[in-house]
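To start, the structure under review is shown below, and the notes come after it.
The values are calculated or read from the model by the stated rules, or taken from the named source; none is laboratory data. The shown structure was predicted, so the numbers you read here are calculated from the model rather than taken from an experiment. Virtual Cβ from ideal backbone geometry, glycine too; neighbours counted across all protein chains shown. Keep in mind that these areas ignore ligands, DNA and RNA; they rest on the heavy atoms of the full protein, side chains included. Shrake-Rupley method; radii C 1.70, N 1.55, O 1.52, S 1.80 Å.
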Amino acid sequence: MARPLTLFTAQFSHMKFDDLCRLAADCGYDGLELATFGGFLDIEKAAEDLKYCASLKRKLAKYGLRLWAFSAHFAGQLVCDPDDDCRTDCFAPAKCAGSAKAKRAWGVKCMKASAKAARNLEVEVVTGFTGSSIWHLLYGFPPTPPEMIEAGFKYFADQFNPIFDEYEKYGIKFALEVHPTEIAFDLWSAKRALEAVGNRPEFGFNFDPSHFFWQGVDPVKVIETFPDRIYHCHVKDAATQLDGKNGILGSYLDFGDPRRGWDFRSPGHGDIDFESIIRALNRIGYSGPLSVEWEDSGMQCEYGAREAAEFVRGLDFPGSGIKFDAAFKQ
């Protein structure tokens, strides 16, 4: 049976909700992975108002769509980030802008509410970020004492364990999108993040191969390392375009700038080996959504959504329970 095909709404927040639902249905998606951007989802309201949740599900059902997961990326980022960064002022309500304490407090409150909201919306997974108090220490100069890194993982655990207690209470899983600027950004930091919270089952990963690929990490090895922690999957491509003048750190150049050493691409237009990824997902028995996170500065988004749906449908083949030569055996 094919996995559900969903569209992450973050990059389509300029559209009206009904127009986006109509587009997704017309493209053949089974559902949406709702983000808070664009006003598509109010997590705090969903945690307290069952009528709001029922109305949202009816709107999706009107177009033959379902909800398997929703995003809490913005709120999660505020939990562990230093939060004196004005760039995240728009992540929280306007009244919190400019106040590190207020932004973090709202982030924690919203993340706790996301567990109950998921229960009310009848989904099992919330995707999102964690932020990181130590991301700025990535390059070890001035020399970084190991204790500073250890303190960062402890801070993550101290901040998120009470949140994960709420997830445990409601039977929900949190899927961190392993990503630069988060407490886990590659394979080894993901392993360390799991260990920091005692490998509790509420915490796993939203597997997005694009973030591993450009760093030089094999996405298949990530799946094989965490076969029981892949709680959700994004489908997003990336391409390296190293020309001897640029590098993987991006050179302070915006996405879409041809001088960058790498960039995101619409699925099928980059360098990621998605067939190997599907085979790996089949091996671990992953049956959750394949959620298209369309990010391609060189392609019109509605065209990208439609083409990506076709690409993923053609890609998502089922695994086999038998060997091909079994028929020859007596």
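Only protein atoms count toward the accessible area here, which uses a 1.4 Å probe; on the chain, the carbon and sulfur part of that area reaches 55 percent. Annotation: peptides 89-102, 239-252, 154-167, ranked by per-residue average of other Cβ atoms within 10 Å with the highest first, follow the order 154-167, 89-102, 239-252.
Could you give the size of the charge dipole of the range 1-158 about its Cα centre, using +1 on the Cβ of each K and R and -1 on the Cβ of each D and E, expressed in debye and rounded to the nearest 20?
On the way: 20 positive and 19 negative charges, 126 e Å.
About 600 debye.
Under 16 Å of direct C-alpha separation, and excluding same-chain neighbours fewer than eight residues apart, Lys112 reaches these lysines: Lys45, Lys103, Lys169, Lys173.
Structural descriptor for the range 89-172: relative contact order 37 percent, calculated from alpha carbon pairs under 8 angstrom and at least 6 residues apart. Sorted on the mean count of surrounding Cβ atoms within 10 Å across their residues, most packed first, peptides 110-119, 276-285 read 110-119, 276-285. Near Arg265, the amide H atoms lying under 5 Å from its own belong to Asp237, Ala238, Ala239; only residues 5 or more places off or on other chains count, and H is placed 1.01 Å from N. Rolling a 1.4 Å probe over the protein heavy atoms gives the range 53-187 an accessible area of 46 Å² per residue. Since only Leu249, Pro201, Ala238 are under comparison, the one whose Cα sits farthest along the positive direction of the charge dipole of the range 196-254, derived from C-beta charges on Lys, Arg, Asp and Glu, is Pro201.
Modelled label-to-label distance, Lys51 and Ser251, 7 Å Cα→beta-carbon offset: nm? Calculated label separation equals 5.7 nm. The range 301-315 and the range 212-273 have Cα centres lying 18 Å from one another.
Could you size up the charge dipole of the range 121-197 around its Cα centre, putting +1 on the beta carbon of Lys and Arg and -1 on that of Asp and Glu, and report it in debye to the nearest 20?
Numbers: 5 positive and 12 negative charges, 38 e Å.
Here the size comes out at about 180 debye.
Backbone N atoms of the range 119-148 closer than 20 Å to the 7 Å Cα→Cβ label point of Thr240 belong to residues 139.
Give the percent of DSSP beta bridges with both residues in the chain that are antiparallel, rounded to the nearest 5.
Numbers: 4 of 30 bridges.
Antiparallel bridges make up about 15 percent of those DSSP assigns within the chain.
Magnitude of the charge dipole for the chain, about its Cα centre and with charges confined to Cβ atoms of Lys, Arg (+1) and Asp, Glu (-1), is about 860 debye.
Taking 8 Å as the Cα distance limit and 6 or more residues as the minimum spacing, I'd like the relative contact order of the chain as a percentage. Could the numbers behind the result be given before it?
Working: 610 pairs, mean separation 55.3, N = 330.
Answer for the chain is 17 percent.
The string of couplings for the range 122-134 from the Karplus curve (6.51, -1.76, 1.60, θ = phi - 60°) is 6, 10, 9, 9, 10, 9, x, 10, 10, x, 7, 7, 10 Hz, one whole number per residue in order, with x for Gly and Pro. Per-residue packing, averaged as other Cβ atoms within 10 Å, sorts the ranges 30-38, 212-220 into the order 30-38, 212-220, beginning with the highest. Over the range 44-131, Cα pairs under 8 Å with separation of 6+ residues give a relative contact order of 45 percent.
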